[in-house]
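Undergrad: Starting off with a structure, shown below.
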Amino acid sequence: MPSLSELTPAFAARVDGLDAANASEADVAFIREAMIDHCVVVLPDQVLDGDQQARFAGLFGELDSYSKMSGEYARGMRKDLLQVSNLGEDGKPVGPNDRRRLLDMGNRFWHTDASFKHVPAHLSMLYGITVTREGGETQFADMRAAWDNLDDDRKELVEGLAAEHSSTTARRFLGFNDFHEENPAVTDRVTHDLVRTLPETGRKTLYLSSHADHIVGMPVPAGRLLLAELTEHATRPGNVFTHTWQQGDLVIWDNRCTMHRSCRYRADRETRELRRASTIAPEFAAMDAAQVTVPAWKIEAAA
Ligand code: OGA
Ligand code: MN
């Protein structure tokens, strides 16, 4: 029987005694249940190749696919897996200006996975193949608590607002402007509510991401300041769990109620190779931006 222990009060948990490569229906039910309360669950000591990881993730829902992603970032993986790695084809760390570092650099900003897609990610499962000795942690913020701890007047302001997300937003901030691979996955813009209700618990959650570009219907500067303020609020140290990687960890998070980011490490000296599979969240599909109306008082009060 798997057993659960809390890593942080009312947030991240660890589950021992479960072999993801040979998961039973009862194991899947156990993890599903654990995800509802904890949003981040660490399964230590897993041995998973890519196919086994995709199979395990597929037991929780339809897998997100990265087929539209340019070959530059796909790195020869299955279309339903993403590799996070600082190594080039020669097995050596790629240089700081290598475009393949782009994906990993983008992960340094607080985000939820695939919020720039019409149907964003639900559960992401990241597996530690080779982990760093120092740095390279992954941090998670509890977006249910972020909502709960907002002042009432900010809650009133934020409820009903929506943000436009794009996969180019964080990349542009990093200085990449040449999106020569003009494909829809890279250039689409989608609108997602800022406040979501989790169907399993009825709890509200702030849906923020570094992919959020601006608030629909609000002057761009005011909307960006509001997004920055909410992100700062959500990622206060008391609201964050930091995961230090051990080889064989499978870390599962719910993108509907968390944000995450990776931490700095010496990519020139260390090897860091992780592999991700994600399920999709159809209930969090994008909305029609034309349906969003923002009352004048909110525009005044936002910034
Ligand atoms: C991801 C991600 C963070 C990390 O794979 O989605 O954001 O620590 N990774 O590598
Ligand atoms: Mn991510």
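Please treat every number below as a calculation from the coordinates, not as lab data. Predicted, not measured: the structure shown is a model, and the values here were computed from it. For neighbour counting, all protein chains shown are included, and Cβ atoms are generated from backbone atoms with ideal geometry for every residue, glycine included.
Undergrad: Quick check: from the Cα gyration tensor, does the chain come out rounded (a/c under 1.5), prolate or oblate? Show your work: numbers first, answer last.
TA: Working: a/c = 1.68, a/b = 1.24, b/c = 1.35.
It is oblate, given that a/c is not under 1.5 and a/b is not larger than b/c.
Undergrad: Rg/Rh for the stretch 1-160 to two decimals, with Rh computed the Kirkwood way over all alpha-carbon pairs.
TA: Taking Rh as the inverse mean 1/r over Cα pairs, Rg/Rh reads 0.98.
Undergrad: Any idea what the relative contact order of the chain is, in percent, if you count C-alpha pairs under 8 Å spaced at least 6 apart?
TA: Here the relative contact order equals 31 percent.
Undergrad: Still on this model: Within the stretch 3-302, how many Lys pairs that are eight or more residues apart, or on different chains, come under 28 Å at the alpha-carbon?
TA: Lysine pairs, 8 or more places apart or on different chains, close enough: 11.
Undergrad: What's the magnitude of the charge dipole for the chain around its Cα centre, counting Lys and Arg as +1 and Asp and Glu as -1 at the beta-carbon? Answer in Debye, nearest 20.
TA: In debye, rounded to 20, the chain gives about 700.
Undergrad: Report ³J(HN,Hα) in whole Hz for each residue of the stretch 232-248, in order, from the Karplus equation J = 6.51 cos²θ - 1.76 cosθ + 1.60 where θ = phi - 60°; Gly and Pro get x.
TA: 4, 4, 6, 10, 4, x, x, 9, 10, 10, 9, 9, 9, 6, 10, 4, x
Undergrad: Quick one: of the DSSP bridges fully inside the chain, what percent are antiparallel, nearest 5?
TA: About 95 percent, rounded to the nearest 5.
Undergrad: What is the fewest-to-most order of Cys263, Cys257 by other Cβ atoms lying within 10 Å of their Cβ?
TA: Numbers: Cys263 15, Cys257 30.
The order, fewest Cβ neighbours first, is Cys263, Cys257.
Undergrad: Arrange the following residues from fewest to most other Cβ atoms within 10 Å of their Cβ: Asp254, Asp98, Asp27.
TA: Sorted ascending by nearby Cβ count, the order is Asp98, Asp27, Asp254.
Undergrad: Only Lys, Arg, Asp and Glu count, each charged at its Cβ (+1, +1, -1, -1), so figure out the dipole size of the stretch 78-178 about its Cα centre, rounded to 20 debye.
TA: Charge dipole, the stretch 78-178, about its Cα centre: 600 debye, nearest 20.
Undergrad: Among His165, Gly128, Phe116, flag the residue with its Cα farthest along the positive direction of the charge dipole of the stretch 81-184, charges on Cβ as +1 for Lys/Arg and -1 for Asp/Glu.
TA: Of the candidates, Gly128 comes out farthest on the positive side.
Undergrad: Right, another one. Along the positive direction of the dipole of the chain (beta-carbon charges: Lys, Arg +1; Asp, Glu -1; about the Cα centre), which of Ala228, Tyr207, Ala26 reaches farthest?
TA: In the chain, that residue is Ala228.
Undergrad: Would you mind pulling out the separation of the Cα centroids of the stretch 265-292 and the stretch 72-132, in Å?
TA: Their Cα centres are 9 Å away from one another.
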